[in-house]
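Note sheet for the following structure.
Every number here is computed from the coordinates shown, using simple stated rules; none is lab data. Just so we're clear, the structure is a prediction, and the values are computed from it rather than from any experiment. Here Cβ is always computed from backbone atoms with ideal geometry, including for glycine, and neighbour counts include all displayed protein chains.
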Amino acid sequence: MGLVFCLVLAGCDNEFEPNLESVSIPIVYGLINPDDSVYSISVSKTFLCDQSVTDCSKDSSVQYFKDVKVELEVLNAGGLLLNRAELYPVTVGRSVSPGGAFSSASKVVYSINRDEIMIDSHFDFGRTLILKISTPEYPKLVYAQAGLRLKFWLVNPPERVHGRWLDFYTEFNESVRWMGWPDDYYEVNLTLNYTDYYLNSTRQGSVKFSFSVPPKKNPGVSQEEFAYRIDGELFLRKLEKAFRSVGTPDSLDYRKFRTLDIQVVSSTHDYYNYIYALKHDSDVPVVQKFNIVNGIGIFATKREAWTTGHLLQWNVLDSLAGSEITRALKFVRWY
């Protein structure tokens, strides 16, 4: 018999230490983007299982508490309550739990539409979101808080401008630049879209990879502008690693680059610690940190900015096709 999920995730950032043999611990995951049309919070629980993890996870009574109440509160910078709303349970399709511990045929989340709770404001800075969770099956109130992220916008490549030619592989490496207030954690996410060519068919696909970025002032520009310079070799190594899950079949004739999409995400330090531990690629263990009081998991807010449909300069295509790092992916040097 083994305790599923709690021991997988390893540790807590607060001092909560329940009796693991008698109490199921709430597992909470919520990442709120104020610009989304729907906000969702996942609430499940740890459980003891004398079968396989897959078999146990199919039983909803094993995964979920009954009669769960999930609330969001919005406070201003002075701690004054501005809004409060209760989220409602929704059953969604097959999904993977945060951290990938197990999947289930369906998943219960707690959701609310954006127009049912006003959390954002262009004029009222310093807002805080409070998450509160309670159930008769658990003796303590589960809660967390997260500061609301401020909006930012992309300067290079600019938003809503498509087809820029990007260069990651010379001394003039492309910088992704954005304007906004300093934040705890940024991530630059790239989505590379491509087409696979076979003898009698083609198939389109995409791979995603990311760069974690501490907020750094871009020298010589205003205080509110930040930049991340994408190194060509690191770009190729990230891309090669992303393709490992896709594979390169022997029957593949060649692979052609189509476009590159760029997303910048800003979030909290709590979220950075959580994701860092999940993505940590080393033999040295990293303790998973949580910001959920009387439970485990993460509650955070984020902002996003997108720019899509960009092209690679010819020297980047040449490196993509000919480099020892990515040569086995069978990319060609032309569009």
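The listed peptides 243-255, 110-122, 259-271, ordered by packing as a protection proxy, come out as 259-271, 110-122, 243-255 (highest mean of other Cβ atoms within 10 Å first).
Step through the table entries Lys208/Lys330; Lys45/Lys132; Lys69/Lys107; Lys66/Lys302, compare each Cα-Cα distance with 24 Å, and write down the pairs that go over it. In this structure, Lys66/Lys302 exceed 24 Å between Cα atoms.
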